[in-house]
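The structure under discussion appears below in the form of structure tokens.
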Amino acid sequence: MKIGFLTACLRGLSLEELVKWARERGFQALEVACWPKISGRDYFASHIDVDKLEAEEIKDLFKSNNLEISSLAYYDNNLDPDLSEREAKHSHLKKVVDAAQKLGVNLVGTFIGRDPGKTIEENFKEVAKVFPDLVIYAREKNVRLMIENCPMQGWQFEGLIGNIAYNPQTWDRLFEILPEVGLNFDPSHLYWQGVDYLDCIGRFKEHIFHTHAKDAEVIDKEYSKNGIFGSNWWRHRIPGLGGINWAEFVSALQENGYDQVLSIEHEDPVWEGSEEKVKKGLILGQRHLSQFIV
């Protein structure tokens, strides 16, 4: 098992700068952000420009620094209710798949998303209409699509879940429709929802293509004050600074046959605000995770 990170947290660095720093700090893989240059997302970056791909240069850069690309990342709303926006997002996703093929990377991460004017089940019916084409497109390029299980609550649509594949119940429905799709499995989103993230590893092991190493902290005082529908009662943390038991998490992954990358997704507000703080956060996460990996 290897430790890497999602590059979106260091948006201001070039790919060359990121690769050099990651090598110097002992990381082994990068999950490279491939958003368009302009995006409505938070935590987005364009470290690989899929419109002007220099595939051989990028492969040489990673090879010479003894790093691998664990996946390409483009997380956006693939069920956007504005059909022209939806088409633009699908077009970009296909370009990311094309880039993955040329780079010899077999995983691309994204979201399902949501049409806010439809129920969850109506959205899944929409998934059955629009996603098979994307899955087939990826398959023909020898690339697999995977979904991060982030609810994206309030994202784009106030008060609503923004990404409908966010818990075991919705995954069952998703894999009924799209058995080839997998998960970029992130325990932090399950932890604050109260879902047994360790049990999920065994149940969904065939669909765990990649993992995000992100922790979550429940702030008991805020939770008891306003309850589950309140705000500010949980926050993302660097691995080791929240409630996830990483020793048990890594052990469960290994027991169930996962031996790929633990990719730190840095969204910890305590370790943000400057490049220096973000880098320190990544190092803290790496140090904690390294205890459990031989």
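Summary of values
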| quantity | calculated |
| --- | --- |
| Options Asp49, Asp80: the member that is over 22 Å from Glu176 (Cβ atoms), touching a residue at least 12 places away in the same chain (Cβ under 8 Å) and buried (at least 17 other Cβ atoms within 10 Å of the Cβ) | Asp80 |
| Number of the condition not met by Cys200 [criteria: (1) assigned to a loop (DSSP other than H, G, I, E, B); (2) closer than 27 Å to Glu121 by Cβ] | (1) |
| Count - residues of the range 58-77 that are part of a loop (DSSP other than H, G, I, E, B) and buried (at least 19 other Cβ atoms within 10 Å of the Cβ) | 5 |
| Residue match in the range 280-290 (condition: in contact with a helix residue (DSSP H, G or I) (Cβ under 8 Å, 6 or more places away or on another chain), outside any helix (DSSP H, G or I) and surrounded by fewer than 22 Cβ atoms within 10 Å (Cβ to Cβ)) | no |
| Number of the exception - Gly230 against (1) in a loop (DSSP other than H, G, I, E, B); (2) of a type outside the set (Phe, Trp, Tyr); (3) at pLDDT 95 or above | (3) |
| Residues that are surrounded by fewer than 20 Cβ atoms within 10 Å (Cβ to Cβ) and assigned to a helix (DSSP H, G or I), drawn from the range 257-277 | Pro269, Val270, Glu275, Glu276, Lys277 |
| Residues satisfying the stated conditions in the range 185-200, i.e. farther than 22 Å from Thr110 by Cα and of a type in the set (D, E, K, R) | Asp196, Asp199 |
| Matching residues, the range 242-256, being within 16 Å of Ile3 (Cα to Cα), surrounded by 14 or more Cβ atoms within 10 Å (Cβ to Cβ) and of a type in the set (A, V, I, L, M) | Val250, Leu253 |
| Matching residues, the range 52-83, being under 25 Å from Cys150 (Cβ atoms) and either acidic (Asp, Glu) or out of contact with any strand residue (DSSP E or B) (no Cβ under 9 Å at 6 or more places or on another chain) (or both) | Glu68, Asp76, Asn77, Leu79, Asp80, Pro81, Asp82, Leu83 |
| Filter pass, Trp155 being of a type in the set (Phe, Trp, Tyr), under 18 Å from the mean Cα position of the chain (by Cα), at pLDDT below 95 and under 27 Å from Gly243 (Cβ atoms) | yes |
| Those residues of the range 94-136 which are assigned to a loop (DSSP other than H, G, I, E, B), of a type outside the set (D, E, K, R) and within 21 Å of the chain's Cα centre (by Cα), in sequence order | Gly104, Val105, Asn106, Phe111, Ile112, Gly113 |
| Residue identified as over 18 Å from Ile244 (Cα atoms) and charged (D, E, K, R) among Asp133, Asp196 | Asp133 |
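A quick yes/no check of all residues on (1) over 22 Å from Asp268 (Cα atoms); (2) free of Cβ contacts under 8 Å to residues at least 24 places away in the same chain; (3) outside any strand (DSSP E or B):
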site	(1), (2), (3)
Leu145	yes, no, no
Gly162	no, no, yes
Ala165	yes, no, yes
Thr170	yes, no, yes
Glu176	yes, yes, yes
Glu180	yes, no, yes
Phe209	yes, no, no
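The values are calculated or read from the model by the stated rules, or taken from the named source; none is laboratory data. Because the structure is predicted, anything quoted here is derived from the model rather than measured. Cβ atoms come from the backbone with ideal geometry, glycine included; neighbour counts cover every protein chain shown.
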